[in-house]
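Values in this text are rule-based calculations from the coordinates and carry no lab data. Everything quoted here is computed from the prediction, not taken from an experiment. Here the Cβ is made from the backbone with ideal geometry for all residues, glycine too, and neighbour counts use every protein chain on show.
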Amino acid sequence: MSAKPVVLVAEPIADVGLQFLAQCCEIITPWKVGRAYNAEELARANGIIIRLAKVTASVMDAGPHLKVIGRHGVGVDNVDLKAATQRGLPVVFTPSALTMVNAVAEQTVQLMLALGRHAVAEDQFVRQNRWAERSSLLGVEFYQKTLGVIGLGAIGKKVAAICQKGLGMKIVAYDPFVKAAPSDLEVTLVDSLLEVLQQADVLTLHLPSTAETAYLIGAKELAAMKPTAMLINAARGSIVDSIALAQALQRGQLFGAALDVFEEEPPALDHPLLTAPRTLFSPHVASMTGGSMARMAELVARQVVQALTGERPSYVANPDVYASQA
Ligand code: GLV
């Protein structure tokens, strides 16, 4: 190929990633002029980098020159992996512990603390001259409370470590893929989802979005939780039945819920969760710190270039795509 390969960067990524790409590729950044990419840009692209945009089979078919799909982030549920494999397209992503584990874990803990200490209301009471009402803001103290972790991968473990070492919480975890507790933490691994639901004062989810995890937390699971418990979700919206959660909150079945992720993003403004009591939301920003955005941008860009130059990248979500070359 004599002309430079074309990489369509469909959503904003940090400059370090763009600079890396610019050394050897033509980059298309439609977001810089405030718009989504168009069909012509996709048709020219040899690589596409996305954050939350979906890459379906029809998107792939509309990009006949595509050689690689780069997912800036750890979850790859917005890419049709099967369709990519069928078309011989590697899907590279940025799961390494160095990229965004700390950022997501810190946001998870801040959601927990902010929900338990009524952070939004505290701020409003000062601004709105409601000082006299401050006794209504009785907060939760987390020391010696039980954190229930579902999914003890890198992020789940980091949340457990912060909560245990920093806040003195006990940790109970459920992860059918983890057979032994991490050696540097005191974690009680339980065999069933029910046990973690029943024991948790704070339930935090750290799972990918798959057919198996869809609605893992529904009405029955919410009913098994303590009425004083809180649910934190900075993983994927699909894991929780959001209507059941809104109903449980309306009935006072839980202390509250703090969510960074939603079944539909952004959630419809009339979604019952948005008017449910004792909720705190953030707009899918858990991985978004300056450092983690730079690391993800750099890693996704590097791997897209590797794939375009025929090298095998380190993190490929559909390794079968290379099976025939093994
Ligand atoms: C963020 O949600 C990610 O999957 O990276």
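Assorted remarks:
- Cα-Cα P(r), the stretch 101-281, percent of pairs per 5 Å interval: 1, 8, 17, 21, 21, 15, 9, 4, 2, 1, 0
- Annotation: amide H-H contacts under 5 Å for LYS145 (H modelled 1.01 Å from N, sequence separation of 5 or more, or interchain): LYS170.
- In straight-distance terms, cross-link reach from LYS82 covers every one of the lysines whose alpha-carbon lies under 23 Å from its own, apart from those fewer than eight places away in the same chain; here that gives LYS54, LYS67.
- Scanning the chain for DSSP H helices at least 15 Å long along the axis (C-alpha atoms) with a Kyte-Doolittle mean no lower than -0.5 picks out 97-116, 290-308.
- GluC sites (Glu not before Pro) within the stretch 236-299, DSSP loop, no more than 10 other Cβ atoms inside 10 Å: GLU264
- C-alpha center-to-center spacing [the stretch 279-307, the stretch 173-193] in angstrom: 28 Å
- Solvent-free Debye scattering, log10 I(q)/I(0), computed from the Cα coordinates of the chain at q = 0.09, 0.12 Å⁻¹: -0.53, -0.88
- Computed across the stretch 56-175, the Kirkwood radius stands at 17.8 Å (inverse of mean 1/r, all Cα pairs).
- Altogether, the Stokes-Einstein calculation at 20 °C and 1.002 mPa s, with the Kirkwood radius of the stretch 17-80 over Cα pairs as Rh, returns a diffusion coefficient of 172 µm²/s.
- Taking θ as phi - 60° and the Karplus parameters 6.51, -1.76 and 1.60, the scalar couplings of the stretch 170-175 work out to 8, 10, 10, 9, 10, 7 Hz in sequence order, x denoting glycine and proline.
- Loop-located trypsin sites (Lys or Arg not before Pro) in the stretch 191-272 whose Cβ has at most 16 other Cβ within 10 Å (DSSP): ARG251
- Straight-line cross-link reach from LYS4 at under 18 Å between alpha-carbon atoms covers these aspartates and glutamates, not counting any fewer than eight positions away in the same chain: GLU26, GLU40, GLU41, GLU311.
- Rounded to the nearest whole angstrom, the semi-axes of the ellipsoid equivalent to the stretch 188-228, taken from the Cα gyration tensor as √(5λ), stand at 18, 13, 9, largest first.
- Candidate cross-link partners of LYS226 among the lysines, defined by an alpha-carbon separation under 21 Å and a same-chain spacing of 8 or more, comprise LYS145, LYS170.
- Note on the stretch 215-257 and the stretch 43-75: Cα centroid distance 34 Å, given to the nearest whole angstrom.
- Here is the list for the stretch 137-209: chymotrypsin sites (Phe, Trp or Tyr not before Pro) lying in DSSP coil, each with at most 12 other C-beta atoms within 10 angstrom of its C-beta, are TYR143, PHE177.
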